[in-house]
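The values are calculated or read from the model by the stated rules, or taken from the named source; none is laboratory data. If you're wondering where the values come from, they're calculated on a predicted model, not measured in any experiment. Positions of Cβ are generated from backbone atoms using ideal geometry, with glycine treated the same way; all protein chains shown enter the neighbour counts.
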Amino acid sequence: MLAEKYPERIKQIFAKYPDKRSAVMPLLYLAQEEYGWLTEEALREVAGLCDIDPTQARSIAGFYTMFAEKPKGKYWLQVCTDLPCALRGADQFFHELCEYLGVDPEHGGTTDDGLFTVEPVMCLAACDKAPVLQNNFHFHENLNIEHAKQLIEKWRAEAAAEEDKDDEAE
Ligand code: FES
């Protein structure tokens, strides 16, 4: 439970707002950080902390693309395919990226190994630097598919190295 695990952080978050309900977004972030995505239980927990109905917490989580309502891969890749970015080739970039990762080229999805989730999103506020990809909230701009493939392989190697380290530690 967030309240038991992070009492100080929650106190600090509430201290920034005059009304408990205003803390819903930072608390959703905290829940997502803890659970990896916003489970029904996480939404209830946040709603309980903010004294709001879980439906309200769910609607906020559903509105913003930075909140995950489904389990995601370790690397959560969001590509803006909104019109200004599409005009700079983001649509084509998204399709090629999906094909490279072996997921649905229209809607994206999660790779079979659970390592990558790729999805199209609306404006990420980097319209002049498209194609733009956000990986776990880190931006990569002015991409082309070759550069993106290099990033994917770098992340794949990092994940494998982490796994090796974990195996050694056991
Ligand atoms: S329209 Fe793609 S970042 Fe703004």
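Summary of values
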| quantity | calculated |
| --- | --- |
| Yes/no for Ala130 being near the ligand (Cβ under 9 Å from one of its atoms), modelled with pLDDT of 95 or more and in contact with a helix residue (DSSP H, G or I) (Cβ under 8 Å, 6 or more places away or on another chain) | yes |
| Residue in segment 143-162 that is at pLDDT 95 or above and outside any helix (DSSP H, G or I) present | yes |
| Leu143 being surrounded by 17 or more Cβ atoms within 10 Å (Cβ to Cβ), closer than 21 Å to Glu33 by Cα and within 16 Å of the ligand (Cβ to nearest atom) | no |
| Close pairs from segment 50-61: first in a loop (DSSP other than H, G, I, E, B), partner surrounded by 15 or more Cβ atoms within 10 Å (Cβ to Cβ), Cβ under 8 Å, at least 6 apart | Ile52/Val24; Asp53/Ala47 |
